[in-house]
Structures are given as C-alpha cells and as structure tokens.
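Read the structure below first, then the notes.
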Amino acid sequence: MNKVLEEFSKIGIIPVIALDDAADAAPLAKALIDGGLPCAEVTFRTAAAEESIRIMAEQFPEMLVGAGTVLTTEQVDRAVNAGAKFIVSPGLNPKVVKYCVEKDIPITPGCSNPSDVEVAIELGLDVVKFFPAEAAGGLNMIKSMAAPYTKMKFMPTGGINAKNLTSYLDFKKIIACGGSWMVNKDMINAKDWDGITALTKEAVATMLGFKLLHVGINNEEAGAAMSESAKFADLLAQPVKEGNSSAFVGTMIEMMKTPGRGTHGHICFQTNYLDRAVYHLGKRGYVFDESSFKYNDKGELTVAYMKDEIAGFAVHFNQK
C-alpha cells in the first residue's frame, strides 16, 4: 500500500467535497483541519475544482488534498498540476488507471462487483473505492466480495454517514470511508465554517468512540490497596477481584498495590481504533510514549500511554 493510502487508513474519514466557488476553498480547508480531518477529495464535477485544489494545496501544505470524480487522463494532469496528491474515480477506467500507475500517481478507482476488482488487481492495485456503497449492497456486499480477494482493501463511498460509519470501519479490509455529511452543500453555500468544523469534530469523535474504561489509583502497599478497595466495593456494590499488582472493583476502579504510572494513578479510555486515536491525537499535539505500546499477536496496537500526565494522572488508551 502506498504512503497516501496508508495516510487514508490513519485518518479514517475522507471528506468528499464539491465546490462551486474557489473562494470557498481556503476557509473550508481550514474548517476541516480545525475539525481534525486534514484531508479532502475535491470532486471534478464543477469548474471550480482545479483552482480549489490549487488553493488548498498551496495554502495548507499539511493537508492531504486530492481529486475525485476524475474521468480522463487530461483531468488527471490538471489535478496533479494543481497539487492533487491522489486521484479517485467513480468507476474503473483502465486507461486512466494505467496512466496513473505509470506516472506513480496514487489512484483509487470505483468498483462495485468482482469483475471490477479483478481488473484492478490486474492493473496492480491493492485498494479500490466501493461505489456507490449503500446503493451497491453496503457492508454485506463488501464482505461477500472481499472473501476471495484476500489482499484487496476497500474505501466505501456513497451513503456513508455518522450512523453507519463505524460498522464499515470495523471491517478490517476497509481502510477508510469517504463521506460528505460534514461538508454538505447547504453549509458551504451558507459559509457556515464553524458548523462544518463542529460536524467534522463530531465525525472524528464518533469514529474514535472514546469511553472511560477505568480509573487506576496508586497506593503505597498492598494492604492499603485492599482496604481502600473494600470501601469502593461497599459504596458501589461491586465485587473485588484481586490480581498480582492491583485489585479491580468491578470494572471501574483499579487499586494499585504499589505506585504505578502517574503521580496519583492512571485513567484508561477505550477507543474503537487505537492506531487512529494515536494519529488524530498526535495531530492535535498530544505525544505518546512509544515504549508503553503493547501489541497483540496480529501486530495490532492494543495499549498506548500519553507522555504527559493530566491532573496528576497518567492517561492511556486501550483498543476496544
């Protein structure tokens, strides 16, 4: 998988944008970045697309900007010359795909059936767009179609929204979802940049799905930990389960038998996608302690601590 598609996988949501006025490109790009999605697929459905890509690419170099609804090699050239870092098309046009592959331009063509996927494999691709996702059978169709193509991954677009986003992303062969619900045309026309930022933040929060899992409290020694555990157990009517290094009161409180991470203890949050959480929080300036990372037998990240404490507590995230 090329670096652009790897970035897609970390971002998780690719905003699909149609702009009628290139003057809206800069404020829209800023709204997306402020909302936590430094990425945009600008569709070539409008005359403003090329200039919009140029503005976004020049004024926001940290943003991953590409062109969507690309139908011809001439459009590929215009998009790339304007600064597009990737190409997306609604269907699989072998001529366009070959042109991009030969020029080492990342391209994700639309596929909705096994024959399309086999053409994509023959052309050397390992990721395709599944379009129109919901109309073409949705997640069940992707799962059925993916079974015989073990190395192919998908980026569904069309009908994806906040309600079905995580059901798609939970399937490991989906690297990201394209969507426009956070950048709908009415909001763009109204120049509601604050509203777009808010919806973008909401989309990222929905994807990551942070949930408080437990609070860990440091104790000087095991006797104190067990004594304090008994108090919480009585208060919350929860059982105590003693382990080697700590005791859990239900699932909410972990009483450490000796001082652990954090001045006072630690706070554990669960997330739907830990690798994406580390990426998005990193973009917001939060630094993780890579020495704390734990992985399962599949090489997937399962635990990650932040470097800095908050209010005297170490903070870590667990994969759901």
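Coordinate-derived values only; no laboratory data. Model, not experiment: these values are computed from the prediction. When we count neighbours, we look across all protein chains shown, and the Cβ atoms used for this are built from the backbone with ideal geometry, even at glycine.
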Residues whose modelled amide H sits under 5 Å from the amide H of Val88, counting only those 5 or more places away in sequence or on another chain, are Ala67, Gly68, Thr69, Val70, Thr108
TM-like helix rule applied to the chain (DSSP H, alpha carbon span at least 18 Å on the long axis, mean Kyte-Doolittle at least -1.0) gives 193-208, 222-236
State to the nearest 20 debye the size of the charge dipole of region 211-319 about its Cα centre, where the only charges are +1 on K and R beta carbons and -1 on D and E beta carbons. 380 debye
Taking 0.36 nm per residue of sequence separation and subtracting the Cα-Cα distance, how much length would be gained by fully extending the chain between Leu235 and Asp34, in nm to one decimal? 68.2 nm
Volume per residue, Å³, of the convex hull around the alpha-carbon atoms of region 211-319? 114 Å³
Residues whose modelled amide H sits under 5 Å from the amide H of Leu64, counting only those 5 or more places away in sequence or on another chain, are Cys39, Ala40
Average projection area in nm² (convex hull over Cα atoms of the chain, one quarter of hull surface): 18.7 nm²
Using only alpha carbon pairs under 8 Å that are at least six residues apart, calculate the relative contact order of region 3-207 and give it in whole percent. 22 percent
What order do you get for 110-116, 148-154 when each peptide is scored by the mean count of other beta carbon atoms within 10 Å, highest first? 110-116, 148-154
Taking the dipole of region 211-319 about the Cα centre (Lys, Arg +1; Asp, Glu -1; charges at Cβ), the one of Val215, Gln319, Pro239 that reaches farthest to the positive side is Gln319
What is the sum of charges, Lys and Arg at +1 and Asp and Glu at -1, for the other residues whose Cβ falls under 9 Å from the Cβ of Gly178? 0
Prolate/oblate/rounded call for region 150-234, Cα gyration tensor, a/c under 1.5 rounded: oblate
Name the shape class, rounded, prolate or oblate, that the alpha-carbon gyration tensor gives for region 210-259, where a ≥ b ≥ c are the square roots of its eigenvalues, rounded holds for a/c under 1.5, and otherwise prolate holds if a/b is larger than b/c and oblate otherwise. oblate
To the nearest 0.05, how large is the calculated FRET efficiency for Glu300 and Glu102 if R₀ is 56 Å and r is the Cβ-Cβ distance? 0.95
Exposure proxy ranking, count of Cβ atoms within 10 Å, fewest first, for Val96, Val42, Val119: Val119, Val96, Val42
Any residue on another chain or 5+ positions along whose placed amide H is under 5 Å from the amide H of Ser180 is listed here as Val16
Quick one: give the max-minus-min coordinate of the C-alpha atoms of region 1-108 along each principal axis, largest first, in Å. 36, 31, 21
Write out the chymotrypsin sites (Phe, Trp or Tyr not before Pro) in region 255-311 meeting two conditions: DSSP loop, and at most 16 other Cβ atoms within 10 Å of their Cβ. Tyr286
Descending principal axes extents, region 91-153, alpha-carbon based, whole Å: 34, 22, 16
11 Å cut-off, amide nitrogen to a point 7 angstrom out along Arg284 Cα→Cβ, residues in region 189-229: 201-202, 204-206, 208-210
CD proxy at 222 nm, helix term only [per DSSP H run n ≥ 4: -39500 (n - 2.57); per residue of the chain; nearest 500]: -11000 deg cm²/dmol
Between Ala146, Ala198, Ala247, where does the largest GNM mean-square fluctuation fall for the chain, given springs only between Cα atoms within less than 10 Å? Ala247
Rounded to the nearest 20 Debye, what is the dipole magnitude of the chain about its Cα centre when Lys and Arg each give +1 and Asp and Glu each give -1 at the C-beta? 520 debye
Give the residue list of trypsin sites (Lys or Arg not before Pro) in region 257-303 that are DSSP loop and have at most 15 other beta-carbon atoms within 10 angstrom. Arg284, Lys298
Filter the GluC sites (Glu not before Pro) in region 1-92 to those in DSSP coil with at most 14 other Cβ atoms within 10 Å of their Cβ, and list the result. Glu62
Too long for a 19 Å Cα-Cα cut-off, among Lys173/Lys298; Lys10/Lys172; Lys85/Lys191; Lys129/Lys153; Lys95/Lys129, are Lys85/Lys191
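Just how large is the dipole of region 36-138 about the Cα centre, in debye to the nearest 20, putting +1 at every Lys and Arg Cβ and -1 at every Asp and Glu Cβ? Walk me through the numbers before you get to the answer.
Values: 8 positive and 14 negative charges, 30 e Å.
I would put it at about 140 debye.
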What is the order of Ser180, Ser291, fewest Cβ neighbours within 10 Å to most? Ser291, Ser180
